[in-house]
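This report refers to the structure that appears directly beneath it.
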Amino acid sequence: MIIALVAALVVIAVALVLVQRRRRRRRRRHLFIPVAPPAAASEILVAEPVAMPDVAAVEAATLASRLGGARGVFSRLRGAEADAAVREVVEEVLLRSDVGVTTTTRLLEELSTAGSGGSLVATLRERLLASFVTADRSLSTTVEAGRVPVWLFVGVNGVGKTTTIGKLASREVATGHRVVMAAGDTFRAAAADQLEMWSQRSGADIVRGAEGSDPSSVIHDAIERAAAKGSSLVLADTAGRLHTNNNLLDELSKVRRVADRSPGQVTETILVVDATTGQNALSQARQFMAAASVTGVALTKLDGTARGGIVVALESELGIPVKLIGVGETAADLLPFDPVEFVDALLAP
Ligand SMILES: Nc1nc2c(ncn2[C@@H]2O[C@H](COP(=O)(O)OP(=O)(O)OP(=O)(O)O)[C@@H](O)[C@H]2O)c(=O)[nH]1
Ligand SMILES: [Mg+2]
């Protein structure tokens, strides 16, 4: 019995010794891991730096992912292909992108005189950025005392005037402004219905008239209402009209004059242009600029098949600042235009 007890104790003691040895060995193995040579540790730090969130990059990526057609046209000037790009490729891309002959010729001349320092695409990026006017791209609400700022929206049929007003109303109301929409497209009742839908969505007030009534008087009523209620902004819609129809352009001049009478003050006349119309946008812009003193462009439908280059042509040939871009149909799909972000969205890999 005693012998059995002693034998059991010996077995337990041996087992304990073995377990402890194994633990020590394991501990020693663990000890080796953190004591890696410092050089190796720093190599790891350099090779895999912690990625810091870059808000600007996120925004650019979002824009790039929305500029479907335009990114497609510029694909030959991005990534590996960009290194091999020659003058002929640049010329073809610019022409296909709707930059137009005049601006493309100028850009190519500038590329030739820029010398051979740096890559062709890097120089093109620089010249494209220099093509943009340096004007203020903000939307002004600066008025004389006692007057109400009016933003008037003009353009040919179906370009996105009403939708752009709806998107802007949503943005302005969300930032605490009291907005009155003027349904100045009295040409068809459906136009006012469409604006009314946006007024319900955004929480903006709306003034509409009967179908066929005088657009100037509807806009005037909206301004009076805004002044009486202490609203901060009137967004005035107008009927789409052909830039070649002089009577309709004259009517627009009158609408603008009336809207600019006290208590109203037109602080922005936004020409809405459908980016998919390409070079025709330039002749539209020329006619509307003459009729209604355009202060800026809202370029819509850049999310579709639009090839993007018209932005450059509008600014460099007409000196008219693009202030807003439309990249979809919802309220969130209206962005302030930023040339650097835009050019990088086209050219960045
Ligand atoms: N994909 C896309 N569609 C847009 C954009 N802006 C407007 N649209 C669409 O374009 C169509 C015409 O827009 P409207 O706002 O009615 O255009 P409008 O200039 O007021 O048209 P009229 O009043 O008939 O002259 C609608 O189906 C809009 O949803 C945009 O940025 N992207
Ligand atoms: Mg409309």
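None of the figures in this text is laboratory data; all of them are computed from the coordinates on show. Values in this document were obtained by computation on a predicted structure and should not be read as measured data. Here Cβ is always computed from backbone atoms with ideal geometry, including for glycine, and neighbour counts include all displayed protein chains.
Using the C-alpha atoms of the stretch 148-294, what convex hull volume per residue, in cubic angstrom, is computed?
Values: hull volume 13.8 nm³, N = 147.
It is 94 Å³ per residue.
Calculate, in nm to one decimal, what GLU329 and THR105 gain on full extension: separation in residues at 0.36 nm each, minus their alpha carbon distance. It would help to have the intermediate numbers written out before the result.
Numbers: separation 224, 0.36 × 224 = 80.64 nm, distance 3.46 nm.
That works out to 77.2 nm of additional length.
How would MET181, MET289, MET197 line up from fewest to most surrounding beta-carbon atoms within 10 angstrom?
On the way: MET181 28, MET289 19, MET197 13.
The most exposed by this proxy come first: MET197, MET289, MET181.
What length, rounded to one decimal in nm, is gained on full extension from ALA80 through to ALA114, with 0.36 nm per residue of separation minus their alpha-carbon distance? Can you show the working numbers first?
Numbers: separation 34, 0.36 × 34 = 12.24 nm, distance 2.23 nm.
Length gained, ALA80 through ALA114: 10.0 nm.
For ASP274, ASP83, which order do you get if you count the other beta carbons within 10 Å of each Cβ and list the fewest first?
On the way: ASP274 23, ASP83 9.
Ascending Cβ contact count within 10 Å gives the list ASP83, ASP274.
Counting other Cβ atoms within 10 Å of each Cβ, which GluC sites (Glu not before Pro) in the stretch 166-241 have at most 13 and sit in a DSSP loop?
GLU211
Among the listed pairs LYS167/LYS229; LYS161/LYS229; LYS167/LYS323; LYS229/LYS254; LYS161/LYS323, which are separated by more than 18 Å between their Cα atoms? Could you put the intermediate results ahead of the total?
Numbers: LYS167/LYS229 22 Å; LYS161/LYS229 25 Å; LYS167/LYS323 14 Å; LYS229/LYS254 25 Å; LYS161/LYS323 14 Å.
Listed pairs above 18 Å: LYS167/LYS229; LYS161/LYS229; LYS229/LYS254.
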